Every structure is written in C-alpha cells, then in structure tokens.
Amino acid sequence: MSSIQVRPATLRDAKGIAEIHVSAWQDAYRGLLPDAVLDALSVQKRQAFWREAIDLCEPQVLVAHIDNELMGFVGFDRSRDKGTPSTTGEIWAMYANPVHWDKGVGLALWDAARDGLQEEGCTKVTLWTWLRNERALRFFELAGFKRELGSAKTTEVGGVRLEELRLQRSLV
C-alpha cells in the first residue's frame, strides 16, 4: 500500500484544492452552518482564491496525495492576528477530502506544516476554529493544541452566530 506524500502545491492543484475545500465544508459543517451557505459554495471562486494563494505563496500551501490523487491540503504562514510576534505561525486552513477522513491525511499535513513553520523560525502556532467543530477540536487537541482562554469571538455566517476560538501550541 502506498503511503501519503506531502508536497508544495502547484497552480495545477488549485482546482483539486478548491474541490476538497468545498466538499469538506459541506460535509463537516452541515448542521453547523445554514444549508443555503453550504449549497452556495463555489469551486470556481475557491479555485481563484487558491490559485492566487499558491502564486503569491501567501499562505504557503501543501497538498497530501497518494499516487498524485489529492487527499487534502494545508495553508500556513505567519499569524494574521494583530499583536502577535513574528515567531507565531498560523494554520490558515486544513482540510481533507471527506472520503479520506480518518486515514492519516490530517496528521501528514500537520507534520509537514509544523516542519515548514519551524523552518520559518516560528516557535508557536495558532489556528481558529468554531467551538462546535468537534472533529477539528478533537484532532488538534490530540496534536497538542490547547484552547486559548479569552480568545473566543462571535462571527456571523449566513445569519447564524457562531463562537470561534483560537487554539495554540508550542513548536519548540
């Protein structure tokens, strides 16, 4: 059996990344976000976003694959949060194709992103997730992330108010 490989994304990967992004949102957030928001997600719009991100390397984007079949992706870079030191990195996005959930894709992506952040001189990493996103919370807490007290904020998506919180962990 082949093992999961992780490599830097290329512009050719943008459509596959967009397809994974949309399908992961639709599966993971059904019941959390309004159906109308999830059903309106556009692969074309996500593809344009990811093409630009890959082209500008902001964030850095890696893809997980087996035999060139994309299984998931991660985007990471310096933290976008105001007031954080330049040694703080952030996982901007990390998603696996739902057909590949629970197969080690997330772990392969996290390991590669952690290595990339350390190479950039980051000593800490953060990420934002919804409080009700139990799958992501469980994954990241098993990877050593802790909930950051006092970080919770409310965002509105499609008329629904959701609590977001920041998770963080040391990279040293």
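I'd like to check something: does region 2-10 contain any residue that is surrounded by fewer than 16 Cβ atoms within 10 Å (Cβ to Cβ), modelled with pLDDT of 95 or more and assigned to a helix (DSSP H, G or I)?
No, region 2-10 has no match at all.
For V172, work out the one condition from (1) among the hydrophobic types (A, V, I, L, M, F, W, C); (2) closer than 16 Å to G75 by Cβ; (3) touching a residue at least 40 places away in the same chain (Cβ under 8 Å) it doesn't fulfil.
(2)
Scanning for something part of a strand (DSSP E or B), at pLDDT 95 or above and under 24 Å from A18 (Cβ atoms), does region 128-139 turn up at least one residue?
Checking region 128-139: at least one residue is part of a strand (DSSP E or B), at pLDDT 95 or above and under 24 Å from A18 (Cβ atoms).
Test each condition in (1) out of contact with any Asp or Glu (no Cβ under 8 Å at 6 or more places or on another chain); (2) crowded, with 18+ Cβ neighbours inside 10 Å; (3) modelled with pLDDT under 95 for D67 and report the one that comes out false.
Answer for D67: the failing condition is (2).
Check region 58-75 and report whether any residue there is charged (D, E, K, R) and touching a residue at least 60 places away in the same chain (Cβ under 8 Å). Give the derivation first.
Filtering region 58-75 for residues charged (D, E, K, R) gives 58, 67, 69.
Checking which are touching a residue at least 60 places away in the same chain (Cβ under 8 Å) leaves us with 67.
Yes, some residue in region 58-75 is charged (D, E, K, R) and touching a residue at least 60 places away in the same chain (Cβ under 8 Å).
Being of a type in the set (A, V, I, L, M) and under 20 Å from E164 (Cα atoms) is the filter here; which residues of region 33-87 pass it?
Answer for region 33-87, where residues must be of a type in the set (A, V, I, L, M) and under 20 Å from E164 (Cα atoms): L33, V37, L38, V74.
Within region 119-167, restricting attention to residues that are aromatic (F, W, Y) and in contact with a strand residue (DSSP E or B) (Cβ under 8 Å, 6 or more places away or on another chain), which residue is farthest from D81 (Cα to Cα)?
F140
Part of a helix (DSSP H, G or I) and on the phi < 0 side of the Ramachandran plot - does that describe any residue in region 142-163? Working first, answer last.
Taking region 142-163 and keeping what is part of a helix (DSSP H, G or I), we get 142.
Keeping just the survivors that are on the phi < 0 side of the Ramachandran plot gives 142.
Yes: one or more hits.
Can you pull out every residue in region 119-131 that is more than 23 Å from Q26 (Cα to Cα), out of contact with any Gly (no Cβ under 6 Å at 6 or more places or on another chain), in contact (Cβ under 8 Å) with a residue 24 or more places away in the chain and not basic (K, R)?
E120, G121, T123, T126
Taking the stated definitions as given, is I91 in contact with a Ser or Thr (Cβ under 8 Å, 6 or more places away or on another chain), under 22 Å from L167 (Cβ atoms) and β-branched (V, I, T)?
The answer is yes for I91.
Need pairs with beta-carbon distance below 6 Å; first residue free of Cβ contacts under 8 Å to residues at least 40 places away in the same chain and within region 132-161, second of a type in the set (S, T, N, Q); sequence gap 6+ or separate chains.
Taking only residues 6 or more apart or on different chains, the pairs are E148/Q168; R161/T154.
The values are calculated or read from the model by the stated rules, or taken from the named source; none is laboratory data. Nothing here was measured: the structure is a model prediction, and the numbers come from that model. Reconstructed Cβ throughout: ideal geometry from the backbone, glycine too, with neighbour counts over all protein chains shown.
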